[in-house]
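The values are calculated or read from the model by the stated rules, or taken from the named source; none is laboratory data. The structure displayed is predicted, hence computed values, not measured ones. All Cβ positions, glycine included, derive from the backbone under ideal geometry; neighbour counts span all protein chains shown. The area values use the complete protein model at the heavy-atom level, side chains included, leaving out ligands, DNA and RNA. Shrake-Rupley method; radii C 1.70, N 1.55, O 1.52, S 1.80 Å.
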Amino acid sequence: KEAATKTTSVLLEHELYYNLGQFQLTGKPTKRPDGTVHEADDIVRFLMDLIVSVAPRHDSISRHEALEALGAIFANPSKGIDIIVSEEGKLQQGDSNKSLRREVFEFLDELAKNERIIAVRQSAELARDRLLHADANKERLELKATHVKNNWLASQRDDVVTTKEEQNYESKWVCPSQVHCHMSVDPSPAFDDEEDDAFLRSYKRFQNVEQTRKRVSELARILRNELPLTEQAPTIVEGESAGSSPVSANYVLFDRYRAMFSLRNIESPEAIEILSESLISDKSCALFRHEIAFVLGQIERSSCEKALIACLDNLKEAGMVRHEAAIALGGIAQPPGLSSLEKHLSDRDTIVAESCAAGIEMHTYWSRFNSGA
C-alpha cells in the first residue's frame, strides 16, 4: 500500500494493487511490521478511494487492477463476510460484520452502471459479478474446495487404471485442479460440473479424451460469444452469474472470462490455439484481450508465443493488452520473444516500454533458471 502511493510507474502501481487482491485479506486484524494492527477495511477503503480518484496519476489500468483486487478480496466464500441477497436480487439487512461487503458491492454496482471509461466500468462489472457468484454458490464452493484437495491426494495413488491414450493426453495437457496448477486468485472462476468435470481431474483421475475435446469446443463458443440469442445455452452454463449487460450480444463478460480460465486450466493444444486466436481476432474489448494475454503467460508454452508477439507488435492495440503480452513473453523466455521485447524497449506507450524492460529481465532470469545455470 505504501509503495503504491509513492511510485510514479503505472506498471509498478498496478502490479501492487494486483498483489493486494491476491492476499484475499479477511476481516481479522493484521499485524504490521512496527507492531501496530489494522483491519482489512483499511486496504479496502484505500482501494475504493483510488478507484474514484480524479488524480491524473491514477491511470485507468491502475483503477482496473484495484477493482479486480476488490473482487478477489471478497471472492472467497469462507471469509464469513457475505453479501445477503434475496431471491428478488435485493440486498437484505445482515449483521454488522457483513456491512463492508455490502458497501463494496453497492460501490461496484454503481461503477458498473455509470463509469465512463470502458475498461474501468467492465472491471467493476466483473468484480461485482464475482461477489454475487461467491454468494450464490457459497456451500457448493466450500464443498468443492474440500473435494479438490481430497481427490488431488487420491490422484497420486498408483492403483488407478487408465488407457495409454488418456495417460499421454492428460499427463501433458490437463491440470490436476484449479488450485494446484495456477495459484492466482482469478477475476472469475473456471466453469466446473460437480457430476462430470470433463476438463479437470478434480473428481476422477482421468476423463475421456473426446469428452474433453467436446468441452473445449463448447468453451470456445462462450469465449468468442458465438451462441445465437435464440439458441439454448450449452449445459456448461450454470446460470449463476449476475444479470450484467453483455459485451456485444449473448454472453456476459463474466461468463466469457470463466470460459477463458477453463481453457487455461485444460492447457491442451486445442485450448491454447483457441486462446491465441482470440487474442488476435477479438474485437469486443481491450480488457478481455489483456486477460487472454495474461492467461497465455500463465500457461508458459512456446505455442503461445506467436500470438503474443503479434499482439505486442500491433501498434494499434491498446497499451494494457500489449503490456500484458510483453510480460507474458518474458515469462515464456524463448528467443523469438526476446527479439520482440528488445524492439519495443522505446515504445511511445510508457507502460509498454516499461513492460518490455521488465520482460527482458524476466527472460534473462528464466532462461538461466531453465538451463540450470
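Just checking, which of Ala318, Ala286, Ala325, Ala310 is farther than 23 Å from Ser188 by Cα and modelled with pLDDT of 95 or more?
Values: Ala318 fails: farther than 23 Å from Ser188 by Cα; Ala286 fails: farther than 23 Å from Ser188 by Cα; Ala325 fails: farther than 23 Å from Ser188 by Cα.
That would be Ala310, the only listed residue that is farther than 23 Å from Ser188 by Cα and modelled with pLDDT of 95 or more.
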Discussion item. Looking at Ile280, Ile309, Ile272 in this structure, which one is open to solvent by 20 Å² or more (accessible area, probe 1.4 Å) and either assigned to a loop (DSSP other than H, G, I, E, B) or under 24 Å from Tyr365 (Cβ atoms) (or both)?
Written reply: Ile309
Discussion item. So for the range 122-143 (the condition being over 19 Å from the mean Cα position of the chain (by Cα), among the acidic types (Asp, Glu) and modelled with pLDDT of 55 or more), does at least one residue qualify?
Written reply: yes
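Could you please find all residues in the range 256-269 being open to solvent by less than 10 Å² (accessible area, probe 1.4 Å) and in a helix (DSSP H, G or I)?
Scanning the range 256-269 gives Arg256, Tyr257, Arg258, Ala259, Met260, Phe261, Ser262, Leu263, Arg264, Asn265, Ile266.
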Discussion item. I'd like the full set of residues that are open to solvent by 20 Å² or more (accessible area, probe 1.4 Å) and among the β-branched types (Val, Ile, Thr), limited to the range 100-135.
Written reply: Ile117, Ile118
